[in-house]
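Report on one structure; see the data block that follows.
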Amino acid sequence: MRPEAVEAMLPFLTDRFGNPSGSHAVSREARKAVDEARDTVAHCLGARPAEIVFTAGGTEADNLAILGAHAVRPGPTVCSAVEHHAVLHACDALGDNRLAPVDRNGVVDLDRLADLLHPSVSVVSVMLANNEMGAIEPLADVVALVRERAPGAAVHTDAVQAFPWLDVAALAGPADLVAVSAHKFGGPKGVGALVVRQGVTVKPIIHGGGQERDRRSGTHNVAGIVSMAAAMRATVEHRKATVARVGALRNRLADGLLAAVPGCTETGDRATKIAGNCHLSFEGVESEELLVLLDAAGVYASAGSACASGAVDPSHVLAAMGMTRAQAVGSLRLSLGTGTTPAEVDLALHAIPAAVARLRTG
Ligand code: PLP
């Protein structure tokens, strides 16, 4: 977590323990903190304070967007084939979900998306940046297509992976619903937000005391919300410099591995990827075995997407991009963040070629 985010939450874990829904002085203090956090989060997301719904993370924000908008106006849903499972499985749960294909760089195919759009469509969901291989999606073009072909549909964007790297306030501006999650930008786990634009209605998926203007019941996670706001403010303030610094480290890492390891290919086009993503595929190598060797060498990487069991799923994202199973099996996802150092990149540049060579020589 960012130090600012840790510091901001501590008082609300100790003496400032009020429940913002109460009416006495301790509650009013908590209420003020949540209101101020809402102003900050709204500002960082290019929204109005009344448009912010605090949730318990990105998964809940995605579910509220999709299930909540669908409940207001039922109909088929459309999402890109590379969505996070929080979107994909929420759409699938509604019964009639249509997948918009992507190209070999993981970018949604607008012509094929257009073919899926129809006035009966209820919700369209296309993420701003992909969690596995980092593709940035052309959201403004998606929204323009939806307004033309499915004018009654709500457009949701999962901006969970985008927020650390992209100007979400500007890029997600045309969308009706926007999800973010604090632990992707230096805040705590288990807190997030959904922007619900003025004039857009979502039915609640969690019922109870009517908090968040009846859109999300449950006692506020005051410490988490205040901390998320601090992390957001710091992320936006330093974003430009972070993208330049981490992007250069990512390029050094990817270029170094491409040069050092025969049969190594990079996934996607760097021009349409977020700065913190380095995704590679090693011919003739099983990434599950590679991960074990890297773990022992102090390089904590992943393949596919992490799921609750810790097992590695065969990636629906790489399959949608047209990667063969053999290529997908040898894929490695290296994530860089605000805390990544040049020394860590050097360690990876040393450990990965050595591990691949060891696996290849059996
Ligand atoms: N959407 C994307 C793109 C993600 O990467 C993640 C988490 O990895 C989520 C949604 C889910 O967010 P959370 O872990 O806060 O539930």
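Values quoted throughout were computed directly from the atomic coordinates according to the rules given, and no laboratory measurement underlies them. Fair warning: this is a prediction, and the values are worked out from it, not measured in the lab. Reconstructed Cβ throughout: ideal geometry from the backbone, glycine too, with neighbour counts over all protein chains shown.
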Efficiency of FRET between Thr14 and Glu344 - r from beta-carbon atoms, R0 35 angstrom, step 0.05: 0.55
Residues whose placed amide H lies under 5 Å from that of Thr55, excluding near-sequence neighbours: Gly192, Ala193, Leu194
Assigned charges on the beta-carbon of Lys, Arg, Asp, Glu; region 239-360 dipole about Cα centre (debye): 480 debye
For region 22-40 versus region 271-303, the gap between their alpha-carbon centres in whole angstrom: 43 Å
Asp39 paired with Ala241, simple spin-label distance in nm, labels 7 Å along Cα-to-beta-carbon: 2.5 nm
Region 111-116 - phi-based ³J(HN,Hα) in whole Hz, Karplus 6.51/-1.76/1.60, Gly and Pro as x: 5, 6, 5, 4, 5, 8
Least to most buried among Phe282, Phe185 (fewest other Cβ within 10 Å first): Phe282, Phe185
Inter-centroid distance (Cα atoms) of region 58-100 relative to region 125-201, Å: 13 Å
Full-extension gain in nm, Ala50 to Ala144, via 0.36 nm per residue minus C-alpha separation: 31.3 nm
Cβ charges +1 (Lys, Arg) and -1 (Asp, Glu), total dipole of the chain, debye: 660 debye
³J(HN,Hα), Karplus 6.51/-1.76/1.60, whole Hz, each residue of region 340-353, x for Gly, Pro: 5, 10, x, 5, 5, 5, 4, 4, 5, 5, 8, 6, 5, x
Rounded to 10°, Cα long-axis angle of helix 287-296 versus longest principal axis of the chain: 90 degrees
Kirkwood Rh, Cα atoms: Rg over Rh of region 3-235: 0.99
Charge dipole (debye, nearest 20) of region 70-175; +1 at Cβ of Lys and Arg, -1 at Cβ of Asp and Glu: 260 debye
Around Leu113: net Lys/Arg minus Asp/Glu count, Cβ-Cβ under 15 Å: -4
Spacing of the two label points (7 Å from each Cα toward its C-beta) at Val6 and Ser21, in nm: 3.2 nm
Choice from Val26, Val178, Val124 showing the highest fluctuation, given a GNM over the chain with Cα pairs closer than 10 Å: Val26
Selected from His156, Val178, Leu194, residue furthest toward positive end of dipole (region 128-211; charges at beta carbon): Leu194
